[in-house]
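S.K.: The structure follows.
Just so it is clear, none of the values below were taken in a lab; they were calculated from the coordinates. Just so it is clear, the model here is predicted, and its values are computed rather than measured. When we count neighbours, we look across all protein chains shown, and the Cβ atoms used for this are built from the backbone with ideal geometry, even at glycine.
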Amino acid sequence: MDESLLEVDVEPLSSSSSSLAKRWEVLVMGEMKKVSYIAMPMVVTTVSQYMLRVISMMMIGHLGELSLSGASIATSLTNVTGFSLLFGMSSALETLCGQAYGAERYQMLGIYTYGAIISLLLVCIPISVLWIFTERLLILIGQDPLISHEAGNYSIWLIPTLFPYAILQLLIRFLLAQSLIYPMLLSSVAALVFHIPISWLLVFKFKIGSAGAALGIGLSYWLNVVLLGIYVKYASSCEKTRISFSQHVFPSIREFFRLGIPSAIMICCRSVLGYAFGEEKELVDYVKDMVPLLSLSVLMDCLAALFSGVARGVGWQHLGAYVNLGAFFLCGIPMACVLAFVFHWRGKGLWTGLTTASLLQGLMLMMITFFTNWKKQARAARQRTIEGRSQLTIE
């Protein structure tokens, strides 16, 4: 009798487990479709924007070794002091717009975006001044004068690129918060298609050289900004969140900087090792040996990027900054130096240290994410939005 009772009890349990597994499968597949809907177009968008500078560098390579050397140094310097800084600060808009849209405070998206545009345009001014003195700075640290001159000239011609780049990054965050992906995709591809012929004309046809390549990047970014601006102004999908200027924009600037500075630290603490290109067999073999380690580094970086996105979405830029500083400066970089120079692992030692830092960064952010009371965070985010609206109304 006990055996028959056992059989009766097992059957519903088995059926329940099977039903639960099917529900989980449906939920997982549904979430994967949602993520793919956003991720794949964003990959194309990001690659298209990145290719603007890559294509310009390819064209500069045909101008000679001196032009390429100067542009390469200028690109590294401007990435660290300008583009990465603007990209990092623009991430603050992910938090502000994401939380406002989730709380259905649609008007706040436009206010936050307008305030962010004013903020980043102001940041572009000191960056521009710094780029004007690129040649003197490079000579001061011992760089070859001819290469320094080329790098300084290229940096100056990149200054007009800063302003559309800043606006573009903010418009992307504004649209991304609303899951409006395809306008970004189409505008980025259009800018890339425009960039190839215009850069060729400026570099080779009008013989402006490396300055023409830099100018081509700026024109392509401006085209992208204009296309997205037209969409935001006239598309019905942006009717509730449309960007408009009002007196409430100025109080939002302080909130943007509060999140933007830690966001910039999160984006800037990781790319420390440059890449060299050449045709020597030793170099080719060495790169071949490094590929598995670099692949592992990319995987670890993906883990870190995933949970960094969660941190930015919730507004934990300060925690993300602490994690990045700890993972890289207290662990990764010292380990890289010891492995590379004490144990003579050279490049492998450097990348091992950085990969370890990325892994540690991802694990710490993952632990913070898993041990967070998300219901409490949702209530707090909604309360902040309500308080912000009340403050703006009073003012």
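S.K.: Rank the residues Met89, Met51 as a footprinting-exposure proxy: fewest other Cβ atoms within 10 Å of their Cβ go first.
M.R.: Met51, Met89
S.K.: Treating only the Cβ atoms of Lys and Arg (+1) and Asp and Glu (-1) as charged, compute the dipole magnitude of the chain about its Cα centre; round to the nearest 20 debye.
M.R.: 1260 debye
S.K.: So which lysines pass the test for Lys348, namely a Cα distance under 23 Å, with those fewer than 8 places away in the same chain ruled out?
M.R.: Candidates past the 8-residue exclusion: Lys281, Lys288.
S.K.: Just to confirm a number: summing +1 for Lys and Arg and -1 for Asp and Glu over residues other than Pro145 whose beta-carbon lies under 15 angstrom from that of Pro145, what do you get?
M.R.: My count for the surroundings of Pro145 gives -2.
S.K.: Order 304-310, 245-251, 108-114 from most to least packed using the mean count of other Cβ atoms within 10 Å.
M.R.: Final packing ranking: 108-114, 304-310, 245-251.
S.K.: Only counting other Cβ atoms within 10 Å, I'd like Asp144, Asp301 sorted with the fewest neighbours first.
M.R.: On the way: Asp144 15, Asp301 19.
The order, fewest Cβ neighbours first, is Asp144, Asp301.
S.K.: Would you list Phe328, Phe257 from fewest to most Cβ contacts within 10 Å?
M.R.: With the sparsest Cβ surroundings first, the list reads Phe257, Phe328.
S.K.: Please turn the phi angles of region 56-65 into ³J(HN,Hα) values with the Karplus equation 6.51 cos²θ - 1.76 cosθ + 1.60 (θ = phi - 60°), one per residue in order, whole Hz, x for glycine and proline.
M.R.: Residue by residue, region 56-65 yields 4, 5, 4, 5, 4, x, 7, 8, x, 5 Hz.
S.K.: Could you let me know the centre-to-centre spacing of region 221-242 and region 66-108, using Cα atoms, in angstrom?
M.R.: 19 Å
S.K.: Checking the table Lys33/Lys375; Lys34/Lys375; Lys233/Lys375 against a 27 Å threshold on Cα-Cα, which pairs fail?
M.R.: Lys233/Lys375, as the Cα separations exceed 27 Å there.
S.K.: Something else now. P(r) of the chain in 20 Å steps, Cα pairs, percent per bin?
M.R.: 22, 53, 20, 4, 1
S.K.: From the helices alone, meaning DSSP H stretches of at least four residues, give me the mean residue ellipticity at 222 nm for the chain, per-run term -39500 (n - 2.57), in deg cm²/dmol to the nearest 500.
M.R.: Rounded to the nearest 500, the figure is -27500 deg cm²/dmol.
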